[in-house]
Amino acid sequence: MKKQEILEHIDVELINKVLGFCHEHTDDGYEAQELCSDIIYVLVKTAHTDGEIADLDPLIWRVARNEYFDFMEHKKRHQEVFCQGNPEEILALVSEEDEEESSRLLETIYRQMAFLTRIYREVMIQFYIDGLSIADIARIRNTTEANVRQKLLWARGKVKHGVKDMEKINNRPLVFDEMNYRIWGYGKPDWGDPRDVGIRMLSKHIIWLCRSKPMGAAEIAEQLNVPTVYIEEELEVLTCGTNGEYGLLRRMGNNRYAINFILLNKAAMRKAVRIYIEQMPRICRIIAGYAERHRAQYAKPDFNLVLWQQLEAVEHAFCDNVERILEERYFADYREPDRPFSIFGYVDTGGTQCVVCGTISPMNEEQQLFDVSERLSKGYFEREAQAAEQLAELIKKSVPKHLLGEWRFVGRLAAMRVSEHVAETLTKQGILAPIEDGINAEGCRMCVL
């Protein structure tokens, strides 16, 4: 059989057999479990090497015998150093440096235990710190003694081998890179706005890690060099949100967590914006011709100010066409989530803001002005809306599969700079004129109800 197949045979039955061997050859349960942990670790390590073995049983007991001899040799050296002579005299010979080293090692062990996931951490604390027996722990946790032994075995091996790497880990500075998100909400935030629980820098880094793929608490803790106990608490908060129903993360299978809202990275956001911006020259030519043909319907009282105010409406005319094509051709089979409020955003890259100006008119006249511009959505941007094909490709590449039902929000992110570019292009073409004195009462639009 291949060595990789050894893992298939390491089960509760085998562990109990090895543990029985260890109990027969050691003085107490602590030593037996430590020896058993060493034996299983060597078997697992062997399973990750190439080659074949003729029979598994001889290998298991050869490893058990070798580890037993090493264990007894280590125990003998330990007794020679620590267990001979008067304890008071021996303690007097211990230097302050040795005491500091022992304290540092103990602190490292406790810290490494904090990196265990909750169930393994609790079993270790119950056994080693609270002094409970395996039978007591099994009764408290409503499980079998074999299950408790297996968890202790795994946790002990994780701590033992983790301590060896702690020096390297401790040299890693616990400093998070600055990370900012621009997140918008859509709907009724009173129902529950999860953005309120994601303001800490630790939260933002956890969200970012879970954006690429679902991750467990231990994986996140290792990536961020933060004890698992803190990560677990943060995951609970990020999953529940403010109302217990809608959070920034969602719990997946196998105790893993994934992002629960669309969050584009810098490259995806730039590409989404560029897909729309590439259509701007043709769109602006259509808008300019349309505005000239309907000048009589716009010019009350100032054509320039009214057109400034209409930028948002003509932007929607183009974006609505793109969204319609996306829905019909690419995402018809995806079901949108049924909830009162949703969020979406991107990693903050900075940028400029667009000032939209307007004029004053009664409500009925203002609605008529919108009606004129909204006619642009009917047949005027069909060719330009073919940008939907590029956007659909970007969505399927950048958005996790479990969030594809929220594809519309990528289009809204892509459209955020459309008004700005339309205004800039129409200004260069002389269709729009900047407000001479900047922002003032002249540049405000009000609706009289």
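Every number in this text was worked out from the coordinates using simple rules, so none of it is lab data. Predicted, not measured: the structure shown is a model, and the values here were computed from it. Cβ sites come from the backbone with ideal geometry, for glycine too, and all protein chains shown count toward neighbours.
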So, in nm, how far is label ILE10 from label TYR30 when the simple model puts each one 7 Å beyond its Cα toward the Cβ? 2.5
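Please list 34-44, 320-330, 54-64 highest first by mean number of surrounding beta-carbon atoms within 10 Å per residue.
34-44, 320-330, 54-64
Once you've got the Cα coordinates, tell me which of LYS213/LYS271; LYS151/LYS401; LYS188/LYS266 are over 24 Å apart.
Table pairs above 24 Å Cα-Cα are LYS151/LYS401; LYS188/LYS266.
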Roughly what would the spin-label model give for HIS23 and MET252, points 7 Å off Cα along C-beta, in nm? 4.1
As an exercise, use a Förster radius of 45 Å and the Cβ-Cβ distance of ARG329 and ASP196 to find the FRET efficiency, rounded to the nearest 0.05. 0.75
Going by amide H atoms built from the backbone, whose H comes under 5 Å of the H on GLY241, apart from near neighbours? LEU248
Diffing segment 128-141: the Karplus 3J(HN,Hα) column from phi (6.51, -1.76, 1.60, θ = phi - 60°), in whole Hz with x for Gly and Pro, holds 8, 9, 7, x, 7, 7, 4, 4, 5, 5, 4, 5, 5, 8
Listed peptides 269-276, 20-27 by packing density, highest first (mean Cβ within 10 Å): 269-276, 20-27
Given points 7 Å out from each Cα along the Cα-Cβ axis, report the TYR230 to GLU292 separation in nanometres with one decimal. 6.4
Rounded to the nearest 0.05, what FRET efficiency do TRP154 and GLU336 give with R0 = 41 Å and r taken as the Cβ-Cβ distance? Could you check? 0.45
Let's test the formula: R0 of 45 Å, r as the Cβ-Cβ distance of ILE140 and GLU178. What FRET efficiency results, to the nearest 0.05? 0.50
State the extension gain, in nm to one decimal, for the chain segment bounded by TYR128 and THR49, taking 0.36 nm per residue of separation less the distance between their alpha-carbons. 25.1 nm
Calculate, in nm to one decimal, what ASP57 and GLU222 gain on full extension: separation in residues at 0.36 nm each, minus their alpha carbon distance. 55.8 nm
